[in-house]
Amino acid sequence: MLFRIFIKNAIKLNNRFMIIVAIALVIISAFVMRLLEPETFPSLFDSFWWVMTTVTAVGYGDYFPVTVGGRIYAMFLYIAGIGLIGVVIGKFVDGFAEIKKRKEEGKMPYQGDNHIVIIGWSQKAAYAVSEIRDSDKCEIVIIDKLPKTPLTEDNIHYIQGDAAEEATLKKADIMKAKAVLVFSDDAIHDSLLADGKSLIIASSIERMSTDIHTTVEVMKEEHIKNFTHVQVDEFVLSHEAVSRMAVRSAFTKGISSVYSQLLSRGHGDNLYEIAVHPDWNTYREAFQDLLQQGATLVADGNRMDINRRLDEPISRDAKLFVICDKSVYEKISRQV
């Protein structure tokens with residue numbers, strides 16, 4: 001009966017069964033060889049060492065059986081032990097390969113926090129990933145229905161599934177993320193349907209986490225009012241933003257390069273958020289101090305009228321934005 005159970009499980013190559021049998025074989029063999037040849041193997045560890053070098057086909061030759069019984073058992077290990085250990089090692093290798101395959105296919109859940117989730121893969125999402133990696137070293141989780149991950153970088157994780165479903169968002173550990181970017185589906189050419197899908201996704205995110213900062217790409221500005229019941233933090237107008245930038249550049253030559261610098265941290269001066277210094281009491285003090293360091297204070301939150309509010313008191317929780325290069329920003333950050 002035991003032999004039949006062994007053969008049945010061995011044929012199926014049951015992982016747990018094979019590992020248990022391999023461990024049992026090594027341990028029992030160590031005791032057997034110690035009993036058969038106590039003079040050759042003075043300690044149990046010596047016999048265990050010989051068994052391990054034998055079944056792994058290493059064979060250092062420092063220990064070897066000299067009696068007939070010991071050699072017969074050694075021949076058994078050559079046939080059964082080496083084959084069994086080889087199968088177990090192969091199982092481990094296959095297991096790692098399967099984990100890698102499942103990760104590339106987006107079937108492995110992500111576990112972490114303070115990451116950024118990108119929903120919807122497109123060329124725009126690819127640019128966003130590049131910008132995030134230039135700006136921050138945080139982990140990035142991409143959610144889409146692609147059969148395989150679009151990127152294989154170390155800090156990028158892929159989740160395959162429908163972002164409107166709670167199970168998919170849980171796999172991305174959405175409740176621990178610091179931000180979510182929802183990109184419009186390029187495969188949907190109708191702007192109403194595309195924004196409708198983004199609205200459903202935003203509603204699902206809001207249902208699971210009200211604190212997460214959510215940015216949604218909207219195809220048409222008039223559709224933004226449909227998101228009023230969902231606490232979306234920011235909207236990005238896709239086609240209209242590009243069109244407006246093109247018109248501005250037509251009337252004011254060179255303005256597009258200014259936009260590019262502010263939108264990307266890849267080159268030139270950029271837009272950074274800084275904390276309020278304890279010594280600043282008014283916007284004028286903050287403006288002058290930052291100006292001396294090589295930065296220009298341009299906004300508090302979404303208000304860009306700093307130059308008309310210089311003598312107003314500055315709030316401790318103000319969200320100040322400055323224009324400067326990276327070295328100046330790092331210097332300011334260390335001070336505040």
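The values are calculated or read from the model by the stated rules, or taken from the named source; none is laboratory data. These numbers come from a predicted model, not from an experiment. Methodologically, a virtual Cβ is constructed for each residue, glycine included, from the backbone with ideal geometry; neighbour enumeration extends over all protein chains shown.
Here is how the numbers come out for the structure above:
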read-out	value
Test: residue in the range 71-80 that is modelled with pLDDT under 85, in a helix (DSSP H, G or I) and among the β-branched types (Val, Ile, Thr)	yes
Condition broken by VAL216, with the remaining ones in (1) within 15 Å of LEU237 (Cα to Cα); (2) surrounded by fewer than 23 Cβ atoms within 10 Å (Cβ to Cβ) satisfied	(2)
Those strands (runs of 3 or more DSSP E) lying entirely in the range 82-178 with at least 1 residues in contact with a strand residue (DSSP E or B) (Cβ under 9 Å, 6 or more places away or on another chain) and not β-branched (Val, Ile, Thr)	140-144, 156-160
Any hit, the range 120-143, residues being in contact with a Leu (Cβ under 7 Å, 6 or more places away or on another chain), in contact (Cβ under 8 Å) with a residue 40 or more places away in the chain and among the aliphatic types (A, V, I, L, M)	yes
Residue count, the range 201-240 (criterion: part of a loop (DSSP other than H, G, I, E, B) and over 16 Å from LYS176 (Cα atoms))	8
Hits in the range 292-336 - residues which are among the polar types (S, T, N, Q) and touching a helix residue (DSSP H, G or I) at 6+ places or on another chain (Cβ under 9 Å)	GLN293, THR296, ASN307, GLN335
Residue among ILE174, ILE119, ILE143, ILE156 that is buried (at least 19 other Cβ atoms within 10 Å of the Cβ), under 15 Å from the mean Cα position of the chain (by Cα) and under 18 Å from ARG102 (Cβ atoms)	ILE143
Residues of the range 64-97 classified as in contact with an Asp or Glu (Cβ under 6 Å, 6 or more places away or on another chain) and buried (at least 17 other Cβ atoms within 10 Å of the Cβ), total	2
Test result for ALA275, aliphatic (A, V, I, L, M) and exposed (fewer than 15 other Cβ atoms within 10 Å of the Cβ)	yes
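Quick grid of which residues meet (1) at pLDDT 85 or above; (2) touching a Cys at 6+ places or on another chain (Cβ under 6 Å); (3) surrounded by fewer than 13 Cβ atoms within 10 Å (Cβ to Cβ):
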{"residue": "MET1", "(1), (2), (3)": "no, no, yes"}
{"residue": "ILE7", "(1), (2), (3)": "no, no, yes"}
{"residue": "ILE11", "(1), (2), (3)": "no, no, yes"}
{"residue": "ALA24", "(1), (2), (3)": "yes, no, yes"}
{"residue": "SER29", "(1), (2), (3)": "yes, no, no"}
{"residue": "MET33", "(1), (2), (3)": "yes, no, no"}
{"residue": "PRO38", "(1), (2), (3)": "yes, no, yes"}
{"residue": "PHE41", "(1), (2), (3)": "yes, no, no"}
{"residue": "PHE48", "(1), (2), (3)": "yes, no, no"}
